[in-house]
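Participant: Here you go, one structure.
The values are calculated or read from the model by the stated rules, or taken from the named source; none is laboratory data. Quick caveat: nothing in here was measured; it's all calculated off a predicted structure. So basically every Cβ, Gly included, is an ideal-geometry build from the backbone, and we count neighbours across all protein chains shown. These area figures cover heavy atoms from the full protein model, side chains too; ligands, DNA and RNA do not enter into them. Shrake-Rupley method; radii C 1.70, N 1.55, O 1.52, S 1.80 Å.
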Amino acid sequence: MIVAVGAVAAVVLLVTGDDGEGKKGPAESSTATASEPTPSLSIASQIPSELPTDLPTGLPSGLPSVPTGFPSDLDSLLPTVAGDAVPYYLLGTGDCFDIDDSRPGRAAKRSCNEPHDAEVVELAELKGSFTTDAALKKAAAALCERPLERKARSQPSGTVRGTLVQYPDASGYKYGIDDVACSLAGDSGSGRHKLTKPLS
């Protein structure tokens, strides 16, 4: 409706430049010279009283349907504005974090100089066609095995007591989430033994 009013107003503005009696408008004034253009402004004196009423009301047919099969925990895929928990795939190598067993796939970033559950050792990328969670778990574990073993060997005795491999579920992988976070943890599970400084 607003577009129609704008189009009619534009037509009225264009038509009102000359009133047909040979009078010159402000831009055509005899005092203006060719080297000094004078701006002109024409304002419509009235708004049309009738607006189009036959605007379409329904949606066009043939629109694609909404895709199905989104990950079951869609909340874990999207960053949140409030709070400090982020999807695991937004972590970087060297990031320290806490985990929350009630929110799988999310991590709360923490300072590495404060108590924290784990630290990301390496980020890896899944490649291949995986259709089950079990296949993704196996592939993610294989990607993380060597980097985690290598990093764990260089830690002081008793510092690291567990590993954490975070990977997408089958539906997340289908939609393009292919990151794997390989982390060393203070313990297996959240809340027990914490790491208190960056890994060496």
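Participant: Filter the stretch 131-140 down to the residues that are in contact (Cβ under 8 Å) with a residue 12 or more places away in the chain and open to solvent by 50 Å² or more (accessible area, probe 1.4 Å), then identify the one that is nearest to Lys174 (Cα to Cα).
Facilitator: Thr131
Participant: Within the stretch 118-135, track down each residue that is part of a helix (DSSP H, G or I) and under 24 Å from the mean Cα position of the chain (by Cα).
Facilitator: Within the stretch 118-135, no residue meets the criteria.
Participant: Then there's this: Would you be able to tell me the number of residues in the stretch 112-138 that are of a type in the set (Gly, Ala, Ser) and closer than 21 Å to Leu90 by Cβ?
Facilitator: 2
Participant: On the basis of being open to solvent by 30 Å² or more (accessible area, probe 1.4 Å), touching a His at 6+ places or on another chain (Cβ under 8 Å) and not small (Gly, Ala, Ser), does Lys194 make the cut?
Facilitator: It is true that Lys194 is open to solvent by 30 Å² or more (accessible area, probe 1.4 Å), touching a His at 6+ places or on another chain (Cβ under 8 Å) and not small (Gly, Ala, Ser).
Participant: So in the stretch 63-102, with the set limited to residues that are of a type in the set (D, E, K, R), part of a loop (DSSP other than H, G, I, E, B) and open to solvent by less than 80 Å² (accessible area, probe 1.4 Å), which one is modelled with the highest pLDDT?
Facilitator: Ranking the qualifying residues of the stretch 63-102, first place goes to Asp95.
Participant: So, in the stretch 158-188, of the ones that are within 29 Å of the chain's Cα centre (by Cα) and part of a loop (DSSP other than H, G, I, E, B), which residue ends up nearest to Glu125 (Cα to Cα)?
Facilitator: Asp178
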